[in-house]
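Below is one structure, written out as structure tokens, with a few remarks after it.
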Amino acid sequence: MPAAVLVGAQWGDEGKGKATDLLGGDVDYVVRYQGGNNAGHTVVIGDQKYALHLLPTGILSPDVVPVIGNGVVIDPGVLLSEIDGLAKRGISAERLLISSNAHLIMPHHKALDKVTERYLGKAKIGTTGRGIGPAYGDKIARMGVRVQDLLDPGILAKKIEVALTEKNQVLTKVYNRRGIDPAAVLEEYLAYAERLKPHIADTSLVLSKALDEGKFVLLEGGQGTLLDIDHGTYPFVTSSSPTSGGACAGAGIPPNRLTKIIGILKAYTTRVGSGPFPTELTDETGEWLRRTGGEYGVTTGRDRRCGWFDAVIARYATRINGITDYFLTKLDILSGLESIPVCVAYEVDGVRHDEIPMTQTDFHHAVPVYEELPGWKEDISNAKSFDDLPPNAQSYVRALEEMSGAPISAIGVGPGRDQTVVVRSLV
Ligand code: IMP
């Protein structure tokens, strides 16, 4: 039975929550495979709006088992407050499984994230300040604290001690900050352990058995392709692998189990934080897109940078991820425009590039080459089928499909659960 991956095709915030939710009825397990509470998914069900950061979207569907995979970095305090917040609204997290191999975000990771950004000054990444980069840094440096360490107070104490022996030197001597008390951290994390214990599992094994039994597993990425540590606009990226290759490593299931790779593509482009963004609009039109699209970060509340659709990026995402289907989101936001520019290539120092330039230097200088597509005036938010869309909206979708190199199988025409036009089944 299938395992499908949902991956952001741009710089994150493409509307993955809506796509996961759309598939919810067919899915048995929803797995977050990377990132942490830097992500933010908004799901609208009826008149209720849910903003999720760490919990997989599957938490909102009572028949789905939500899983936090080994590739995620977990801030346990944030996770518990998210669980408590949902409980207050009548949603139980009892089914949640957390990989014993996932890494924990510790207080020193958050402190270091903030202080290093400040030291970078103008060169800052614009991180979410949640400790993501330092937590992954420690994971790779083999000094991380894992979820399974919560089950052994002796080991937990030792690992905190070892980590803080070094990090307190850095905090106090390099950055002139106060050191962190290991005893206080131990007490705090032992309290988290009590509550998280029932959820800790060998999730790779659970998922493997589920697939053997013919269950449907959906792997849900945070962020997006261009924020990938290897394939994104480094160094202005997150510290994990949102691309489909990262899904296998971060969930503990092999590549040959994947049957569908669904890319989420916004009908225009946004990005949060620093870094190159060729189609960015810094004028009134950009402000209009931000306002109309509600482009403000779910996690940090920061204004998202907005711009036109970039087909070069979409093609890149298709290639890097092996996209089998696209879910095009927020098409309704573009209603009312006379014509819509779409970036089909870049020009760098007078040379045309049909692919993302090989070097960061060239990408920073990329000037979009636009093609104008005719717009539509009609309100499309009630469209139920592709034929309900005005001809120019249909042409826009078809043009994006052709330029992106993968079929657009679903189209978001509004924020609601039922405001999706399904062109062909995503499963
Ligand atoms: P970090 O993941 O907090 O280290 O931030 C690194 C970069 O990724 C920054 O530019 C963030 O704005 C960006 N980023 C992280 N998570 C998201 C997300 O969920 N959506 C959009 N951008 C994100």
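In segment 203-223, is there at least one residue being out of contact with any Gly (no Cβ under 9 Å at 6 or more places or on another chain), within 19 Å of LEU23 (Cβ to Cβ) and aromatic (Phe, Trp, Tyr)?
Within segment 203-223, the first condition is being out of contact with any Gly (no Cβ under 9 Å at 6 or more places or on another chain), and the residues that meet it are 206, 209-217.
With within 19 Å of LEU23 (Cβ to Cβ) added as a condition, the list becomes 210-211, 213-217.
With aromatic (Phe, Trp, Tyr) added as a condition, the list becomes 216.
Yes, some residue in segment 203-223 is out of contact with any Gly (no Cβ under 9 Å at 6 or more places or on another chain), within 19 Å of LEU23 (Cβ to Cβ) and aromatic (Phe, Trp, Tyr).
Go through segment 339-350 and count every residue that is within 17 Å of GLY286 (Cβ to Cβ) and not hydrophobic (A, V, I, L, M, F, W, C).
Qualifying residue count for the region: 2.
Select from segment 94-110 the residues that are within 21 Å of the chain's Cα centre (by Cα) and open to solvent by 10 Å² or more (accessible area, probe 1.4 Å) and write down the one among them that is nearest to LEU218 (Cα to Cα).
LEU97
Condition first: within 26 Å of the chain's Cα centre (by Cα), open to solvent by 10 Å² or more (accessible area, probe 1.4 Å) and within 16 Å of the ligand (Cβ to nearest atom). Can you find one or more residues in segment 178-194 that meet it?
Checked segment 178-194: no residue is within 26 Å of the chain's Cα centre (by Cα), open to solvent by 10 Å² or more (accessible area, probe 1.4 Å) and within 16 Å of the ligand (Cβ to nearest atom).
Tell me which of these ASP230 doesn't satisfy, since it passes every other one: (1) farther than 27 Å from ARG95 by Cα; (2) surrounded by 19 or more Cβ atoms within 10 Å (Cβ to Cβ); (3) at pLDDT 95 or above.
Among (1) farther than 27 Å from ARG95 by Cα; (2) surrounded by 19 or more Cβ atoms within 10 Å (Cβ to Cβ); (3) at pLDDT 95 or above, the lone unmet condition for ASP230 is (2).
Would you point out the residue of segment 147-158, among those that are under 29 Å from the mean Cα position of the chain (by Cα) and crowded, with 20+ Cβ neighbours inside 10 Å, that is farthest from ILE229 (Cα to Cα)?
By that ranking, first place goes to LEU150.
Looking at this structure, is VAL115 outside the structural domain of ALA193 (by TED's automatic domain parsing), in contact (Cβ under 8 Å) with a residue 12 or more places away in the chain and either touching a Gly at 6+ places or on another chain (Cβ under 6 Å) or open to solvent by less than 40 Å² (accessible area, probe 1.4 Å) (or both)?
Taking the combined requirement at face value, the residue does not satisfy it.
Restrict the check to segment 416-427 and report whether at least one residue is surrounded by 14 or more Cβ atoms within 10 Å (Cβ to Cβ) and within 20 Å of LEU289 (Cβ to Cβ).
Yes, that holds for at least one residue.
Take residues that are away from the ligand (no atom under 16 Å from the Cβ) and tell me which of the strands (runs of 3 or more DSSP E) falling wholly in segment 294-366 contain 3 or more. So that I can check it myself, show each step before the final result.
Details: elements: 305-307, 325-329, 339-348, 351-353.
In segment 294-366, the matching strands (runs of 3 or more DSSP E) lie at 325-329, 339-348, 351-353.
Residues ALA123, ALA135: which one is among the hydrophobic types (A, V, I, L, M, F, W, C), within 15 Å of the ligand (Cβ to nearest atom) and open to solvent by less than 10 Å² (accessible area, probe 1.4 Å)? Spell out the reasoning first.
Details: ALA123 fails: open to solvent by less than 10 Å² (accessible area, probe 1.4 Å).
Unique residue meeting the criteria: ALA135.
State whether one or more residues within segment 216-225 are buried (at least 23 other Cβ atoms within 10 Å of the Cβ), within 15 Å of the ligand (Cβ to nearest atom) and among the β-branched types (Val, Ile, Thr).
Looking for residues that are buried (at least 23 other Cβ atoms within 10 Å of the Cβ), within 15 Å of the ligand (Cβ to nearest atom) and among the β-branched types (Val, Ile, Thr), one finds at least one in segment 216-225, hence yes.
With the requirement that a residue be open to solvent by 10 Å² or more (accessible area, probe 1.4 Å) and not polar (S, T, N, Q), what does segment 25-40 give you?
At the first step, the residues of segment 25-40 found to be open to solvent by 10 Å² or more (accessible area, probe 1.4 Å) are 25-26, 28-29, 38, 40.
Listed by number, the residues that qualify are GLY25, ASP26, ASP28, TYR29, GLY40.
I'm trying to understand the selection: among the residues of segment 199-215, which are open to solvent by 10 Å² or more (accessible area, probe 1.4 Å) and within 14 Å of PRO66 (Cα to Cα)? Explain how you work it out, then say what you get.
As a first pass, look at segment 199-215 and keep what is open to solvent by 10 Å² or more (accessible area, probe 1.4 Å): 199-202, 204-206, 208-209, 212-215.
If the condition is that a residue be open to solvent by 10 Å² or more (accessible area, probe 1.4 Å) and within 14 Å of PRO66 (Cα to Cα), then HIS199, ILE200, ALA201, ASP202, SER204, VAL206, LYS215 are the ones that fit.
The values are calculated or read from the model by the stated rules, or taken from the named source; none is laboratory data. Bear in mind that the values here come from a model prediction, so they are computed numbers and not experimental data. Counting neighbours? That spans all protein chains shown, and the Cβs are built from the backbone with ideal geometry, glycine included. Protein only, heavy atoms only, side chains kept; ligands, DNA and RNA dropped before computing areas. Shrake-Rupley method; radii C 1.70, N 1.55, O 1.52, S 1.80 Å.
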